[in-house]
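J.: This is the structure I have questions about; it appears just below.
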Amino acid sequence: MDHSSDVKNILGLQLPTDPRWAQLSQISLEAILTDHAYCEQKAATTCISLIQRYSEREELVKALAPIVTEEWGHFRMVLNEMTKRGWKLGKQRKDLYVNKLLEFQKQGGALEDRLLDQLLTMALIEARSCERFKRLSEGLEDEYMKKFYRRFMESEAGHYTLFIDLAETYLPKEKVRLRWAEWLNYEATIMKDMEVRGDRIH
């Protein structure tokens with residue numbers, strides 16, 4: 001399976017995850033589940049923040065309300081899996097990947113431009129998460145965990161396009177596509193420079 005072309009064609013990502021990442025993750029499964037739980041929690045709370053910040057934008061509120069429920073459900077699923085294994089939710093770690101993305105967001109200027117970057121940041125996080133779940137669903141040795149992550153991959157697959165569609169609801173399509181291309185190129189540079197660690201989803 002050509003993971004590289006798969007990632008580019010389906011998710012738009014310019015650089016696939018290093019194959020070593022999934023192998024390292026199975027050594028640190030408790031750590032990866034802890035990090036995964038917090039990723040789902042942050043996805044839910046970020047959607048809540050967007051709803052609060054842009055409450056007058058009806059389409060955004062309607063689109064994100066069910067995503068909050070879904071992401072929080074994912075948090076509970078990961079938590080249940082940890083409990084079943086006798087593991088406890090560890091401390092939240094600094095997400096270097098997300099922090100690097102936030103540095104690329106436009107600060108100040110037009111409200112529309114800030115909204116665009118916030119939505120595209122979410123789109124990118126969802127796309128990379130989906131790609132990582134695909135890696136785990138194919139690269140782990142534990143058949144149960146492969147299926148566990150396959151379900152997450154399928155569930156997350158449409159989320160990144162939802163954020164792009166929302167951006168195109170409020171901004172010209174051409175502007176969204178141009179900025180999305182800039183985001184994809186920037187994300188590839190982050191991925192190239194980041195250390196391959198098995199205890200993080202990103």
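The values are calculated or read from the model by the stated rules, or taken from the named source; none is laboratory data. Everything numeric in this text was worked out from a predicted model, so none of it was measured. When we count neighbours, we look across all protein chains shown, and the Cβ atoms used for this are built from the backbone with ideal geometry, even at glycine.
J.: May I ask you to say which residue of E195, E154, E168 is in a loop (DSSP other than H, G, I, E, B) and free of Cβ contacts under 8 Å to residues at least 12 places away in the same chain?
T.: E195
J.: To continue, here is another question. If only one of L166, L115, L101, L119 is surrounded by 19 or more Cβ atoms within 10 Å (Cβ to Cβ), at pLDDT 95 or above and touching a Ser or Thr at 6+ places or on another chain (Cβ under 6 Å), which one is it?
T.: Details: L166 fails: touching a Ser or Thr at 6+ places or on another chain (Cβ under 6 Å); L115 fails: touching a Ser or Thr at 6+ places or on another chain (Cβ under 6 Å); L119 fails: touching a Ser or Thr at 6+ places or on another chain (Cβ under 6 Å).
Result: L101 is the single residue among L166, L115, L101, L119 that is surrounded by 19 or more Cβ atoms within 10 Å (Cβ to Cβ), at pLDDT 95 or above and touching a Ser or Thr at 6+ places or on another chain (Cβ under 6 Å).
J.: If you don't mind, there's one more thing I want to ask. Among G86, G73, which is the only one that is more than 28 Å from Y186 (Cα to Cα), surrounded by 11 or more Cβ atoms within 10 Å (Cβ to Cβ) and out of contact with any helix residue (DSSP H, G or I) (no Cβ under 7 Å at 6 or more places or on another chain)?
T.: G73
J.: Look at K62 and say whether it is charged (D, E, K, R), within 25 Å of L11 (Cβ to Cβ), more than 14 Å from the chain's Cα centre (by Cα) and modelled with pLDDT under 95.
T.: No.
J.: Right, here's the next one. Return yes or no: is V78 at pLDDT 95 or above, over 13 Å from D199 (Cβ atoms) and under 14 Å from the mean Cα position of the chain (by Cα)?
T.: no
J.: Determine whether the stretch 177-197 contains at least one residue that is surrounded by 15 or more Cβ atoms within 10 Å (Cβ to Cβ), farther than 25 Å from W21 by Cα and at pLDDT 95 or above.
T.: For the stretch 177-197, residues surrounded by 15 or more Cβ atoms within 10 Å (Cβ to Cβ), farther than 25 Å from W21 by Cα and at pLDDT 95 or above: present.
J.: Further, regarding this structure: Would you check if there is a residue in the stretch 16-30 being in contact with a Leu (Cβ under 9 Å, 6 or more places away or on another chain), closer than 29 Å to K146 by Cβ, modelled with pLDDT of 95 or more and in a helix (DSSP H, G or I)?
T.: No, the stretch 16-30 contains no residue that is in contact with a Leu (Cβ under 9 Å, 6 or more places away or on another chain), closer than 29 Å to K146 by Cβ, modelled with pLDDT of 95 or more and in a helix (DSSP H, G or I).
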